[in-house]
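This structure is in structure tokens; I'll ask about it shortly.
The values are calculated or read from the model by the stated rules, or taken from the named source; none is laboratory data. None of the values given here were measured: they were computed from a predicted structure. Cβ atoms come from the backbone with ideal geometry, glycine included; neighbour counts cover every protein chain shown.
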Ligand SMILES: *Cc1c(COP(=O)(O)O)cnc(C)c1O
């Protein structure tokens, strides 16, 4: 019986022949043969162990095709973010607008002026596309852009403080996302960290008494992802400016987020504005391109020309250079900032931060009204619910945004639904709060509604596509 079944297993050549044509186009024989061998082996083992008592040739072909499909599946794909965390580092940080992607697309599918000067017909400089604009917007004298803010920090330290001491307050030795720690970056850039003050209090005299001939830089780090509360004091940048100028030592601040639009009317008051920091007289600033700035992964370095010019000559710059896609997105995003209100209306990150709870509530009502019938067919009950959203991305850690979303109730357990939502073809990331399965609509847009409903139906059907 088993031997009969084993003899029934088709030959490699026959399977190769019978494979649907589009797989023959898509996969080289090497991959197809390897896959067929693997599936045939599995069948042999299952026949011998009695797990398979009968089969058709088509069963084998189906397995082969499933295996091939899996090989070219993407794990890097879009998701629906129901967490309400606007800058979600695991979910790609800043969202880029359709308009910007459309504008950038022809530059990517064609040749472009990345390093070409059309005036002279000679080699151009990639950093120049953005330098004048960021200077006009922030008041800086000069600017440079690199791969990310971590690279910007490395480059500034390595250029201005290699084999020299950098004075930093103990209250500002931040770690961001587990892999970026100020003391470690300092080591990697060959500069020597000099910690001053204590965790909760640092005074101007702490900086002053640590300055001597080996001091290369005074550094401030914006404590983006935490805040020390209670009995605290830190030295404001403007006081440090005087100290730095007096001692002829450059002052550098790692701002982290790069906020350019004043969001204090919306209740965000803890994040320094880039242009204010320049106006205070800080010599060099760096910040991310894909946090509150709302662009692509990048790191801006802006400030006084004498220092930026030195940084531009550092050999490491080549290793940290920004690629054309990110640069194009940053450039197009930057253009929005010539009008703060325009930026707030068109940059998705800012839009999601300033949207009112009422507007989110209206979005939820629209969703419920449109899909109530369909959802009740699947015995899903959804209700509007007040939520608390977050800025994320290590920015404004204490800011709690009153928001709105839906709570999902069904006979299946919340955990099961949550897991199934994640397995939908457009994975849906939800949160469980107070025994409720919640999707926050601050981070969900109307063009995701259809997928959201299909995902909910899929999740309660046990993770199977209808
Ligand atoms: C986020 C952050 C960084 C790292 O920036 P990336 O763009 O993620 O490399 C560095 N410093 C501070 C203060 C930050 O908040």
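Residue by residue through segment 15-73, note down the ones that are closer than 23 Å to residue 2 by Cα and assigned to a loop (DSSP other than H, G, I, E, B).
Listed by number, the residues that qualify are 49, 50, 51, 52, 53, 54, 55, 56.
Another one. Being away from the ligand (no atom under 16 Å from the Cβ) and farther than 19 Å from residue 261 by Cβ is the filter here, so list the residues in segment 278-302 that pass it.
Pass one, segment 278-302, residues away from the ligand (no atom under 16 Å from the Cβ): 278-281, 283.
Selection gives 281, 283.
Evaluate the following for residue 364: is it in contact (Cβ under 8 Å) with a residue 24 or more places away in the chain and within 16 Å of the ligand (Cβ to nearest atom)? Full working, then the answer.
On the way: in contact (Cβ under 8 Å) with a residue 24 or more places away in the chain: yes; within 16 Å of the ligand (Cβ to nearest atom): no.
Answer is no for this residue.
Every residue, every condition in (1) within 25 Å of residue 403 (Cβ to Cβ); (2) modelled with pLDDT of 95 or more, yes or no:
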{"position": "38", "(1), (2)": "no, yes"}
{"position": "49", "(1), (2)": "no, no"}
{"position": "64", "(1), (2)": "no, yes"}
{"position": "79", "(1), (2)": "yes, yes"}
{"position": "84", "(1), (2)": "yes, yes"}
{"position": "112", "(1), (2)": "no, yes"}
{"position": "115", "(1), (2)": "no, yes"}
{"position": "118", "(1), (2)": "no, yes"}
{"position": "131", "(1), (2)": "no, yes"}
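Please work out which one of (1) within 21 Å of residue 155 (Cα to Cα); (2) at pLDDT below 95; (3) surrounded by fewer than 24 Cβ atoms within 10 Å (Cβ to Cβ) is the condition residue 256 fails and give its number.
Single failed check for residue 256: (3).
Condition first: surrounded by 21 or more Cβ atoms within 10 Å (Cβ to Cβ), in a loop (DSSP other than H, G, I, E, B) and out of contact with any helix residue (DSSP H, G or I) (no Cβ under 6 Å at 6 or more places or on another chain). Now tell me which residues in segment 76-92 satisfy that.
Within segment 76-92, 82, 83 meet the criteria.
Let me ask you something else. Which pairs turn up if I take residues in segment 243-269 that are within 20 Å of residue 182 (Cβ to Cβ) and touching a residue at least 60 places away in the same chain (Cβ under 8 Å) and look for partners that are away from the ligand (no atom under 15 Å from the Cβ) and assigned to a helix (DSSP H, G or I) with beta carbon separation below 9 Å, at least 6 apart in sequence or on another chain?
250/160; 250/161; 250/244; 250/306; 250/307; 252/160; 252/161; 252/307
Could you tell me whether any residue of segment 224-239 is buried (at least 18 other Cβ atoms within 10 Å of the Cβ), in contact with a strand residue (DSSP E or B) (Cβ under 9 Å, 6 or more places away or on another chain) and within 30 Å of residue 356 (Cα to Cα)?
Yes; the residues of segment 224-239 include at least one that is buried (at least 18 other Cβ atoms within 10 Å of the Cβ), in contact with a strand residue (DSSP E or B) (Cβ under 9 Å, 6 or more places away or on another chain) and within 30 Å of residue 356 (Cα to Cα).
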